[in-house]
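Below is one structure, written out as structure tokens, with a few remarks after it.
The values are calculated or read from the model by the stated rules, or taken from the named source; none is laboratory data. Fair warning: this is a prediction, and the values are worked out from it, not measured in the lab. With ideal geometry, Cβ positions are generated from the backbone for all residues, glycine too; neighbour counts draw on all protein chains shown. Just so you know, the surface numbers come from the protein's heavy atoms only, side chains and all, with ligands and any DNA or RNA stripped out. Shrake-Rupley method; radii C 1.70, N 1.55, O 1.52, S 1.80 Å.
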Amino acid sequence: MNYEKFYADRVKPMKGSAIREMFKRMADPAIISLAGGNPASELFPGKELAEIARNILIENPVGALQYGTTDGLPAMRECAASRAKKVNAIKDSDQVLIMTGANQGIDLTAKALINKGDKIIVESPSFIGSLNAFRTYECELVGVKVEDDGMDMDELENALKNNDNVKMIYTIPTFQNPTGVTMSLEKRKKMIELANRYDVIILEDNPYGDLRFKGEDVATIKSLDTDGRVIYAGSFSKILSPGMRLGYLVGSPEILGKVEILKQVNDVHTPVLTQMMCVEFMKKYNIDEYIERNRELYGRKCAVMLESIEKYFLENRVKWTVPDGGIFMWCECPDIEDITPVVDKALEKKVAIVPGSNFAIDMKAPSNMFRLNYSSATPEKLEEGIRRLGEALSEVLQ
Ligand SMILES: Cc1ncc(COP(=O)(O)O)c(C=O)c1O
């Protein structure tokens, strides 16, 4: 049967994430993956969470297994608010909504705000999950290049000046996915000033903010907002567990009220059991200590990757970013136009990386960039993966 005629026009051109596709090919255990975005699993508090889940299901089975409220358990909202408070990303007047991952928060914010033909300004490159969510609302994505200290503010100003119907700026200002870059305080202030001047919403996505292993924290954009125009998306995926699917939005009750209605339609509520598990985990253990161990591990792994890059990549033929936190770095090969032969050669050598086109506004245009992840593999595998990738780069570039 030919199903093509049944698909909605807006869905027809959509492709699954090449990263997920790559995961399918990566069933081979010999492959070293520098491709995904998984947090380190060696630190997952499995035993602690197993005991917590068992106690919840024995002591309060109805609470855990019955339908819950759309905005989330009050105690879970408190947990999310406590994380947002740490980075001044919440005001007394703000609402907190528990979402099924920050992903859902980003998707439903766009669903609440974006009409067909509206424009969203995004970093170029940016997180494929959000770009794909925005694409489903038939908006136009306007890319603004990312510099070593975040989005180019002159380009942002021009984009706001020269485009009608810009509704929103979407930004990942801290340890950006995919570049690992952090936006400077000056640029954050400038972004707020521009958003105020051109009257647009800012969606600040901050799943990696807690994972700093070097340098000083920079104020969140939400903390600089005086107009109530910043919606802040947070996540427990990178500080506790992505499989628990716990994220949150903080922002004006007017906008979040609309998002809440959409969430009711979408999945009624985020699973109550994982919300209760998170609440109990945060009561019983110090989550900041747990995060500290992750930071320390990521700092070490990032250092291994950087040392290996220095050792194995051809001198002056590859440029890379040096992150102060998070889980990604970004590489560019200025001498070539298309990174595909390197990605293929690396896969032959059983190492997986993600080509830059996945994070681009125009996914069909060739890219000479690629993303590296250092959180998931062991330090030994990181070095071996970079050694093999170095070989692949040498063979293609020379
Ligand atoms: C920038 C960015 N935003 C949002 C998410 C989604 O997070 P969650 O697991 O909370 O849905 C990710 C996950 O990789 C991400 O990298």
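Looking at the structure I just gave you, is Ile128 touching a strand residue (DSSP E or B) at 6+ places or on another chain (Cβ under 6 Å), within 16 Å of the ligand (Cβ to nearest atom) and touching a residue at least 24 places away in the same chain (Cβ under 8 Å)? When the stated conditions are applied, Ile128 does not pass them.
Being away from the ligand (no atom under 16 Å from the Cβ), at pLDDT 95 or above and open to solvent by less than 10 Å² (accessible area, probe 1.4 Å) is true for just one of Leu256, Leu246. Which residue is that?
Numbers: Leu246 fails: away from the ligand (no atom under 16 Å from the Cβ).
Just one listed residue meets the conditions, Leu256.
Being more than 11 Å from the ligand (Cβ to nearest atom), basic (Lys, Arg) and within 29 Å of Asn294 (Cβ to Cβ) narrows it down to one residue among Lys238, Lys263; which is it?
Lys263
Checked against (1) open to solvent by 30 Å² or more (accessible area, probe 1.4 Å); (2) not in a helix (DSSP H, G or I), Gly234 meets all criteria but (1).
As a summary of the residue check, Gly46 satisfies the conditions (1) open to solvent by 40 Å² or more (accessible area, probe 1.4 Å); (2) within 30 Å of Asn163 (Cα to Cα); (3) more than 16 Å from the ligand (Cβ to nearest atom) except for the one numbered (2). Please count how many residues of the stretch 326-344 are crowded, with 19+ Cβ neighbours inside 10 Å and on the phi < 0 side of the Ramachandran plot. Number of matching residues: 9.
Determine, yes or no, whether Ser223 is within 13 Å of the ligand (Cβ to nearest atom), at negative phi and either in contact (Cβ under 8 Å) with a residue 12 or more places away in the chain or touching a His at 6+ places or on another chain (Cβ under 9 Å) (or both). Talk me through it step by step, then tell me what you get.
Numbers: within 13 Å of the ligand (Cβ to nearest atom): no; at negative phi: yes; either in contact (Cβ under 8 Å) with a residue 12 or more places away in the chain or touching a His at 6+ places or on another chain (Cβ under 9 Å) (or both): yes.
Spelling it out, it is not the case that Ser223 is within 13 Å of the ligand (Cβ to nearest atom), at negative phi and either in contact (Cβ under 8 Å) with a residue 12 or more places away in the chain or touching a His at 6+ places or on another chain (Cβ under 9 Å) (or both).
Taking residues in the stretch 99-116 that are open to solvent by less than 10 Å² (accessible area, probe 1.4 Å), and partners anywhere that are more than 12 Å from the ligand (Cβ to nearest atom) and small (Gly, Ala, Ser), the pairs with Cβ atoms closer than 9 Å and at least 6 places apart or on different chains are Met99/Gly72; Thr109/Gly251.
Considering only the stretch 131-163, state which residues are of a type in the set (Asp, Glu) and either in contact (Cβ under 8 Å) with a residue 12 or more places away in the chain or within 16 Å of the ligand (Cβ to nearest atom) (or both). Matches in the stretch 131-163: Glu138, Glu140, Glu147, Asp148, Asp149, Glu157.
Pairing residues of the stretch 176-188 that are within 13 Å of Lys145 (Cβ to Cβ) with residues that are open to solvent by 10 Å² or more (accessible area, probe 1.4 Å) and of a type in the set (Phe, Trp, Tyr), at Cβ distances under 7 Å and at least 6 apart in sequence or on separate chains, gives Thr179/Trp330.
Given the options Ile202, Ile221, name the one that is in contact with a Pro (Cβ under 9 Å, 6 or more places away or on another chain), closer than 23 Å to Pro125 by Cβ and modelled with pLDDT of 95 or more. Break it down into steps so the answer makes sense when it comes.
On the way: Ile202 fails: in contact with a Pro (Cβ under 9 Å, 6 or more places away or on another chain).
Within the list Ile202, Ile221, the selection yields Ile221.
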